[in-house]
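Novice: The structure is given below, and queries will be raised subsequently.
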Amino acid sequence: MAGRVFHTSDWHLGRQIGRFRRDTEVDAVLDEIIEIAADFTPDLIVHSGDLFDSSRPGLDDMRRAAQSLRRLGEIAPVVVVAGNHDTPHVMAFLEFVLNDMGARGADRSRVRFATDARPEGLLVADYPTREGDLTVRIGALPYLHPNRFSYEFAGPDLLTAAYADKMRTVQADVHRRLAAGRGARDVLVFAAHLFVEGATPSYSERQISIAAHCAASAADLPPVAYGALGHIHKPQPVGRAGFPAHYAGSPLQMDFGETGDTKSVVLAEIGPGAPPRIELAPLTAGRRLVRLEGTLDEIAQRANRVGDAWVKAVVNADTFNPFLSETLAKMLPRATIVDIDERRTGTADDVLHRETTTTELPGVEDLLRDYLSGRGTSGPALDRVMTAFSHLQAEPDPADPASCCEETLLTAAIAGEPLDTIDRSNLLVGTDTTEAEPTR
């Protein structure tokens, strides 16, 4: 006798890698998540926050979220916790769209959103299991920004307390509401989007939200049958919680700090009087992120093992290579090169000074060309940029305007200079000054 909870998190819909969108692999991994959920036949599905990557998601990502959550809602009831990237008005709009445009009552909603952490707005809900012998009761706590406690909680005891102390108070209130009127066949679940001390971040999270002063104590998590946590992108258990609490993690490797992470969803079977059964189901639909570092020869030796992946290349070189991006593209025909960092040995610490150097300092054009080449711009594209730069340099400076042709002629006349000695071709702005062909 056990209740089944399917736990996913941190989809970050709309997140790009470099300048590239990832729609194809996002759709593939969402299909994979939905397929795993259907096979597991859960009693409750929990998404523990950061549905989107932006507080103002695009229409394509709103559609993607709505369709995926609707499909999950056909498998089991869904609770979505608002993360630090999510906003209540976006969540409210999605809830309205998903639940028959507001026609259903809250008790019949298949997809519900937890956006309010205040006592009067906290989401606490009961979901009977498929067999009807148990009830999964969930208390959902959205992300609480350290600077918003004074707006969301009026208690003076919370205004000056440390973040961990504030979270202790709020989480204790969640547990009180969960435990109120609890029966012998009620199984408690706590879902939250927060950073728990001791968790290992991937550093693709917002750095300000995983600072030490933003960490909640693991010992203060409400004692429940399962804790569904979001915010940290690396899947992991929270060992010091004293009960099964897991970060489901993001479904895709978000940046090159996550190249070693295996992504997954959590399948939890929990019940009274029996040890919980927690299983991580790996996700394989996303493209790998690969960081290649070394000389070109060293990278070439590893290139055949890269395949279809996102690649960041850190190339150690003795001299400047204007064709580096083309060379790497030929080495990695199936990969998408996101970034190239060319590190030339012996030049990083060289500083040219006009008073001490014995060689001619490079001009602005040379410096710009070297910089653009090092960032992957080469060939015709580099030529076009340099041509545009030359045109910009040739433009008159508004702060130091040159005299117009009439002014030059007038000045020469006042000075008594013979006008027939002035080169008039240089005074014709925007005309061709080459020698004209004689009229026939």
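Nothing in this text is a laboratory measurement; each read-out follows from the coordinates by a stated rule. Only a predicted model underlies this, so the values are computations on that prediction, with no experimental measurement involved. For neighbour counting, all protein chains shown are included, and Cβ atoms are generated from backbone atoms with ideal geometry for every residue, glycine included.
Novice: Amide H neighbours of GLY271 under 5 Å, at least 5 residues apart or on other chains, H built in the peptide plane: list them.
Specialist: Answer set, sorted by chain and number: GLY3.
Novice: While we're here: Residues in the stretch 297-326 near a label at ARG343, defined as backbone nitrogen under 13 Å from the 7 Å Cα→Cβ point?
Specialist: Residues passing the 13 Å test: 313-318.
Novice: If I take R0 = 25 Å and measure r between the Cβ atoms of ALA300 and ALA211 in this structure, what FRET efficiency does the formula 1/(1 + (r/R0)^6) give, to the nearest 0.05?
Specialist: 0.05
Novice: Also, I was wondering about something else. Quickly work out the PHE20-to-PHE96 label distance, labels modelled 7 Å from Cα along the C-beta direction, and quote it in nm with one decimal.
Specialist: With each label point 7 Å from Cα toward Cβ, the separation is 3.8 nm.
Novice: Run the dipole for the stretch 200-327 about the Cα centre, Lys and Arg Cβ at +1, Asp and Glu Cβ at -1, nothing else charged, and hand back the magnitude in debye, nearest 20.
Specialist: 300
Novice: What is the local net charge at THR295, summed over the other residues whose Cβ is closer than 12 Å to its Cβ (Lys, Arg +1; Asp, Glu -1)?
Specialist: Local net charge: -2.
Novice: Once the principal axes of the Cα atoms of the stretch 3-282 are found, what is the range along each, listed largest first in whole angstroms?
Specialist: Here the Cα extents, ordered largest to smallest, are 47, 46, 38 Å.
Novice: Follow-up question, since we're still on this one. At a Förster radius of 41 Å, what calculated FRET efficiency corresponds to the Cβ-Cβ distance of HIS89 and ASP31, to the nearest 0.05?
Specialist: My answer for the efficiency is 0.90.
Novice: Modelling each spin label as a point 7 Å along the Cα-to-Cβ direction, I'd like the ALA415/ARG63 distance in nm, to one decimal.
Specialist: Going by the 7 Å Cα→Cβ label model, 6.9 nm.
Novice: Give the calculated FRET efficiency between ALA179 and ARG130 to the nearest 0.05, with a Förster radius of 30 Å applied to their Cβ-Cβ distance.
Specialist: That gives a FRET efficiency of 0.80.
Novice: Quick one: net charge around GLY14, please, counting Lys, Arg +1 and Asp, Glu -1 for every other residue with C-beta under 12 Å from its C-beta.
Specialist: 0
Novice: Exposure proxy check: HIS85, HIS233 ranked by fewest other beta carbons within 10 Å?
Specialist: HIS85, HIS233
Novice: In terms of the Cα gyration tensor, with a ≥ b ≥ c the square roots of its eigenvalues, is the stretch 1-128 rounded because a/c is under 1.5, prolate because a/b exceeds b/c, or oblate?
Specialist: It is oblate, given that a/c is not under 1.5 and a/b is not larger than b/c.
Novice: Can you run phi through the Karplus equation (6.51, -1.76, 1.60; θ = phi - 60°) for the stretch 130-140 and list ³J(HN,Hα) in whole Hz, with x for Gly and Pro?
Specialist: Karplus-based 3J(HN,Hα) across the stretch 130-140 equals 4, 7, x, 8, 9, 10, 8, 9, 10, x, 10 Hz.
Novice: For a footprinting-style exposure proxy, rank ARG137, ARG15 by other Cβ within 10 Å, fewest first.
Specialist: ARG15, ARG137
Novice: Using Cβ contacts closer than 10 Å as the measure, can you line up MET386, MET1, MET62, MET254 from fewest to most?
Specialist: So the residues, fewest neighbours to most, are MET1, MET386, MET62, MET254.
Novice: So, in nm, how far is label PHE389 from label ALA219 when the simple model puts each one 7 Å beyond its Cα toward the Cβ?
Specialist: Here the answer is 6.0 nm between the modelled labels.
Novice: Provide the net charge surrounding ARG71, with neighbours chosen by a C-beta distance below 15 Å and charges set as Lys +1, Arg +1, Asp -1, Glu -1.
Specialist: Around ARG71, the surrounding residues sum to -2.
Novice: Next question. What is the set of long-range amide H partners of VAL265 at a cut-off below 5 Å, with H atoms built 1.01 Å from backbone N?
Specialist: Those qualifying (amide H under 5 Å, at least 5 residues apart or on another chain) are ALA281, LEU283.
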